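**Q** Just passing along the structure, written as structure tokens.
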Amino acid sequence: MLDKSYEPQKNESLIYKKWEENKCFKPHSDFDKNFAGENYTIIMPPPNITGQLHIGHALNNTTQDFLIRYKRMKGYNTLWIPGTDHASIATEVKIIEALKKEGLTKEMLGREKFLERAWLWNDKYGGRIKTQLKSLGCSPDWDRCAFTMDEQRQKSVLHVFKKLYDEGYIYRGEKLINWCPTCKTALSDAEVEHVDEDSSLWYIRYPYEDNSGYLVVATTRPETMFGDVCVAVNPEDERYKDKIGKNVILPIKNKKIPIIADDYVEKDFGTGVVKITPAHDFNDYEVGKRHNFEPIKIMNLDGSMNEECGKFNTLDRYECRKKLVEELKNLNLIEKIEPYRLPKATCYRCHNAVEPMMSKQWFMSMQEMANLGLDALNNGELEIVPNRVEKIYTHWLENIKDWCISRQLWWGHRIPAYYCKDCGNMMVELTKPSKCSKCASTNIEQDSDVLDTWFSSALWPFSTLGYPDDTDDLKKFFPTSTLVTAQDIIFFWVARMVMLSKKIMGKTPFSKVLINGIVRDDEGKKMSKSSNNGVDPIEIIEKYGADSLRLSLLFGNGTGNDFRFSEEKILEDRKFINKVFNSGKFLELVLSQTYETKLDDTKLNIFDKWIYTKLDETIDEINKLVDNLDICQAVNKMYSFVWDDFCNYYLEFTKPYVYSDNQETRANACAILKDVYLNILKLLHPIIPFITENIYSNFTNEMLISQSYAKSIGTFETESQRVEKIISLIQKIRETRLSYNVAPSKKITLVANKNNISDKSLKTVEEAKLVLSKMTNIERVDMVENINSDCIKFVTELGEFYFYKNEVVDTEKEREKINKDIEKIVAEIKLLETRILNPNFVSRAPKELVEKDKSRYEFLLTSKNSLEEKLKELN
RNA sequence: GGGAGAUUAGCGCAGUUGGUAGAGUACCUGCCUUACAAGCAGAGGGUCAUAGGUUCGAGUCCUAUAUCUCCCACCA
């Protein structure tokens, strides 16, 4: 028995348990090695263990679950691999915050104890994420759940690192890198965010060596002048042409530095003179390299100045700036200070300023990798939906620089490089060497750095399948099929997965990438932890059920478009689920009033044939739409099929049969109704799995999740068209009744002219009699020889029909109505005339279209004539 | 500075090869008709941001402009 009303909270967790117990989420091939279905694999973007999932994750995972459930029912050998990400820097920041509340720092704890904390953190939050995914109804294979730091994934990381190191793609060197003085670690370019900030442009006088005046330098960072190695001008700049090669005196330091020429300098900006500080600016680094200057480091890793800065030593860089500018002013070396807005580089995790610093780090050489990534797209091995995102991907790869992969953090994959403390030899090995390969010393220490968290993420498509081991999963499920993810991690993650999969596995890791839009709150702001407008999916699920949330996320949201989340939308969409539930109640009711019989497809009436035709069309369209990853439209199709075709029409059509006095008719009609309804449950299962499973179990002993997808008996063109005509007749009768203000409860007579109606139409009306009386309150259909003025006429696609005037009356209303109708028709006629009277249209437009317009035109003309006649009669 | 997206009914949105503007919700009218008032049946409501262009025909293609949003970026 179904519940009295739809109560999601009652059943969802029980249903989920049942699925899990019956191993419904596992690929068929786990049970049947010879399973013939094509493989369909999705790897879940592993959520960070930093906290809990938000609505954006819910959207992302609902989309994946939709695809997996759909493909599973379509007979594919489906595998969805879940997992979580250790999120090195993000998690470490969180743990440090938590420690701070206890009055602790990570140094006080020490590396080992700190890592213990981190693992505890993972237990807590990783676990919570899994619970959330389960509440949402996600159906990944939990037995294959992966964590970027678990044993197998550590193994993958070690192997890839060593392989790339051995092949020369990974190297160690001292270069200018982005350094976060707050997190005290190196960052990759992708981890730096630019925020516009109000600052100043300082014009500083650098005296010429020969005391012949000043050269004025404009800078946004005066404090870096201690690291200046030269000043640069554009070689074409007439103002300074004769100064090139001369020297200026670097103020305060009183150091002689040369004036050089470099194309990099823009004549029109500032004074056209740039101070060059290679150790603390990326452009300057390049300029310095071109002109063979040794970078001079002037800052410590905590952002304070070093001994190069004389009395400013140990001052924080911003403090130093203040004092330095003061001093320069006193020395009359500041020409002017202009307000200036500049993009400030900040850390994507702690949001504090990032400093370019010279540092010894590990890098991955990216040029060749980037080409692999670009090839994947250009060869058609990879498609990104929506396509416009492909440009973002391409642009990034085309401008890529070597990837700084080492981080001065503790939580992460420790770099497998070992140093001999005696001879300084470096070894990269899978396990710690027992002695130095050069001097045989046993005094060996591992590199203390860990890898960028995105290094392990980049291996996800094959690490989750068991790489480097030669596993069955890897052979069977790699490359995967569809990746569903968000736009903001295209660089961090998607591009790197493509590159490394191609490099390591020789294949593009997935053929399609579906990019979800951003989830916004009901005011249109991006949902994020920092703006504190995030919504916990669990809260919504507890209130409205997981199905309601899922439907709301998938319904009415264009592919890749941003999505505005609101509880109101859930309330609106939830009505659909209620509708599905209630139609199930109806089926239950009628089944209880008859004996059960098998579906006999020789006993289909025209209405049955119509609904099967509609079902067939719907399934076909959904198929195409899902293949194009247009889930929004697919859900739309399901929605209107279920609500409009099935609930509004078919259920009414079939009522005379399921309530028939003839027991056999009843039983047959019920069998058909049941079949159609169960197909609807199959259709909807990927969107709203819980309720459909719940209802399905009420009617069968099987589990819906494991059924094959909806399938129609077939398409019945002629019958279907006849029913379409009946529907338009019904609409016309309803409309006409209403326009004459006939009370809905009043039974009236439908009249047709024997001499003026085709046999076909007559037959159709005959078949529709029962339905018409039920749906339009027509008591009987009169066939008359002659129509007199006691009747009012209306035109339908089945021909002309009439009502008896004395049953509907009210001439004034009628006149109004007719005039209005004529107005409408005339407007449409005019529109059509602009086409069919246009020789260009007739000659150039497709023939079918011209024909269609012409016949429509004829129809409108006769309709208009008959209305005008009627009007005359009234007058 | 560069790039992308958005602009369609009061509201939040859909509209995939150019062919008479769509659903939901709200509002209005009438119905508690034995699945469902979280419902049913109807009605109204749109120069598809603006200006040009291509075309027999443009919400859809092209070119500008405006407003909003996002991404990228080292002009010191």
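The values are calculated or read from the model by the stated rules, or taken from the named source; none is laboratory data. On a predicted model such as this, the values are computed, not experimentally measured, just so you know. We place every Cβ from the backbone using ideal geometry, glycine too, and count neighbours over all the protein chains shown. Areas reflect the complete protein model, heavy atoms only, side chains present, ligands, DNA and RNA absent. Shrake-Rupley method; radii C 1.70, N 1.55, O 1.52, S 1.80 Å.
**Q** Describe numerically, in nm with one decimal, the distance between label points set 7 Å from Cα along Cα→Cβ at residue A:471 and at residue A:790.
**A** It is 8.5 nm.
**Q** Among the GluC sites (Glu not before Pro) within the stretch A:732-788, which fall in a DSSP loop and have no more than 12 other Cβ atoms within 10 Å of their own Cβ? It would help to have the intermediate numbers written out before the result.
**A** Values: sites: A:735, A:766, A:767, A:779, A:785; in loops: A:785.
Passing both the DSSP loop test and the Cβ count: A:785.
**Q** Nothing charged except the Cβ atoms of Lys and Arg (+1) and of Asp and Glu (-1): what's the magnitude of the dipole of the stretch A:139-204 about its Cα centre? Round to the nearest 20 debye.
**A** Dipole magnitude for the stretch A:139-204 comes out near 480 debye.
**Q** Mark the label point 7 Å from the Cα of residue A:431 along Cα→Cβ and return the residues of the stretch A:395-422 whose backbone N is within less than 15 Å of it.
**A** none
**Q** Quick one: which of A:136-144, A:715-723 comes out on top by average Cβ neighbours within 10 Å, and what's the full order, highest first?
**A** A:136-144, A:715-723
**Q** Estimate the FRET efficiency between residue A:255 and residue A:445 by the formula 1/(1 + (r/R0)^6), using the beta-carbon distance for r and 45 Å for R0, to the nearest 0.05.
**A** After rounding to 0.05, the efficiency reads 0.70.
**Q** Let me ask something else about it. Can you check how the C-alpha radius of gyration of the stretch A:498-631 compares to 2.2 N^0.38 Å, as a plain ratio?
**A** Cα Rg divided by the expected 2.2 N^0.38 Å: 1.53.
**Q** I'd like to know how the stretch A:471-570 sits against the 2.2 N^0.38 Å rule of thumb: what's its Cα Rg over that expected value? Mind dumping the intermediate values first?
**A** Details: Rg = 17.2 Å, N = 100, 2.2 N^0.38 = 12.7 Å.
Expressed relative to 2.2 N^0.38 Å, the Cα Rg reads 1.36.
**Q** Give me the Kirkwood hydrodynamic radius of the stretch A:189-328, using the inverse of the mean 1/r over all pairs of distinct Cα atoms, in Å to one decimal. Write down the numbers at each step before the final one.
**A** Numbers: mean 1/r = 0.0642 Å⁻¹.
The answer is 15.6 Å.
**Q** Heavy atoms of the protein only, probe of 1.4 Å, neighbouring chains included. What is the accessible area of residue A:635 in Å², nearest 10?
**A** Probe radius 1.4 Å; accessible area of residue A:635 about 0 Å².
**Q** While we're here: Please list log₁₀ I(q)/I(0) at q = 0.10, 0.12, 0.13, 0.14 Å⁻¹ for the stretch A:329-465, using the Debye equation with identical point scatterers on the alpha-carbon positions.
**A** -0.60, -0.78, -0.86, -0.93
**Q** If only Cα atoms are counted, what is the Rg of the stretch A:369-427, and what is its Dmax, in Å?
**A** Values for the stretch A:369-427 (Cα only, Rg and Dmax): 18.4, 56 Å.
**Q** Related question: Over 20 Å apart: what share of the alpha carbon pairs of the stretch A:149-220 falls there, rounded to a whole percent?
**A** Counting pairs separated by more than 20 Å, the tail of P(r) holds 67 percent.
**Q** While we're on this one: Farthest toward the dipole's positive end in chain A, which of A:361, A:339, A:647, given Cβ charges of +1 (Lys, Arg) and -1 (Asp, Glu) about the Cα centre?
**A** Toward the positive end, the furthest listed residue is A:361.
**Q** May I ask which of A:579/A:682; A:267/A:297; A:609/A:854 have a Cα-Cα span longer than 19 Å here?
**A** The answer is A:267/A:297; A:609/A:854.
**Q** What percent does the relative contact order of chain A come to when contacts are Cα pairs within less than 8 Å and at least six residues apart?
**A** 12 percent.
**Q** In whole percent, how big is the carbon plus sulfur part of the accessible area of chain A, probe 1.4 Å, protein atoms only?
**A** Working: 18660 of 39620 Å².
Summing carbon and sulfur atoms, their accessible area is 47 percent of the total for chain A.
**Q** Could you give the length gained on full extension between residue A:155 and residue A:582, defined as 0.36 nm per residue of separation minus the Cα-Cα distance, in nm?
**A** The residue A:155-residue A:582 span can extend by a further 148.4 nm.
**Q** So what is the 222 nm mean residue ellipticity for chain A from helices alone, if each DSSP H run of at least 4 adds -39500 (n - 2.57) and you divide by all residues, rounding to the nearest 500 deg cm²/dmol?
**A** -13500 deg cm²/dmol, from helical runs alone.
**Q** So which chymotrypsin sites (Phe, Trp or Tyr not before Pro) in the stretch A:584-681 pass both tests, a DSSP loop state and at most 11 other Cβ atoms within 10 Å of the Cβ?
**A** Answer by residue number: A:595.
**Q** Right, next: Counting only protein chains, not ligands or nucleic acids, how are A:350, A:420 ordered by accessible area (probe 1.4 Å), most first?
**A** Details: A:350 30, A:420 5 Å².
Descending accessible area places them as A:350, A:420.
**Q** Efficiency by 1/(1 + (r/R0)^6): what FRET value for residue A:31 and residue A:849, r their Cβ-Cβ distance, R0 = 51 Å, to the nearest 0.05?
**A** Efficiency, rounded to the nearest 0.05: 0.45.
**Q** Averaged over all directions, how much area does the convex hull of the C-alpha atoms of the stretch A:212-286 cover when projected, in nm²?
**A** The number I arrive at for the stretch A:212-286 is 4.7 nm².
**Q** Regarding the stretch A:388-461, what whole-number volume in Å³ per residue does the convex hull of its Cα atoms give?
**A** Once divided by residue count, the hull of the stretch A:388-461 is 128 Å³.
**Q** Now, a different point. In nanometres, what is the gap between the two model label sites at residue A:865 and residue A:375, each 7 Å from Cα along Cα-to-Cβ?
**A** 7.2
**Q** What share of all Cα pairs of chain A, in percent, falls into each consecutive 20 Å distance bin?
**A** 12, 32, 28, 17, 10, 1, 0
**Q** Quickly work out the residue A:113-to-residue A:601 label distance, labels modelled 7 Å from Cα along the C-beta direction, and quote it in nm with one decimal.
**A** Spacing of the two 7 Å Cα→Cβ label points: 7.3 nm.
**Q** So what's the convex hull volume per residue for the Cα atoms of the stretch A:587-676, in Å³?
**A** 92
**Q** Give the aspartates and glutamates reachable from residue A:747 as a straight Cα distance under 14 Å; neighbours fewer than 8 places away on the same chain don't count.
**A** Cα-Cα hits under 14 Å: A:779, A:782, A:807.
**Q** Based on the Cβ-Cβ distance from residue A:314 to residue A:290, what FRET efficiency comes out when R0 is 35 Å, to the nearest 0.05? Before the final figure, lay out each step's value.
**A** Values: r = 33 Å, r/R0 = 0.94.
So the FRET efficiency works out to roughly 0.60.
**Q** Treating only the Cβ of Lys, Arg, Asp and Glu as charged (+1, +1, -1, -1), what charge dipole size does chain A show about its Cα centre? Round to the nearest 20 debye.
**A** Roughly 680 debye, rounded to the nearest 20.
**Q** So for A:784, A:287, what's the accessible-area order with a 1.4 Å probe, most first?
**A** Details: A:784 35, A:287 0 Å².
Result, largest first: A:784, A:287.
**Q** Let me know the whole percent of all Cα-Cα pairs from the stretch A:296-401 that are separated by more than 18 Å.
**A** Here the long-distance tail beyond 18 Å is 70 percent of all Cα pairs in the stretch A:296-401.
**Q** Using the Kirkwood radius over Cα pairs, work out the Stokes-Einstein diffusion coefficient for the stretch A:814-875 at 4 °C and 1.567 mPa s, in µm²/s as a whole number.
**A** So the translational diffusion coefficient is about 103 µm²/s.
**Q** Still on this structure: Could you tell me which of A:662, A:599, A:611 has its Cα farthest along the dipole of the stretch A:561-669 towards the positive end, charges placed at Cβ (Lys, Arg +1; Asp, Glu -1), taken about the Cα centre?
**A** Result: A:662, furthest along the dipole toward the positive end.
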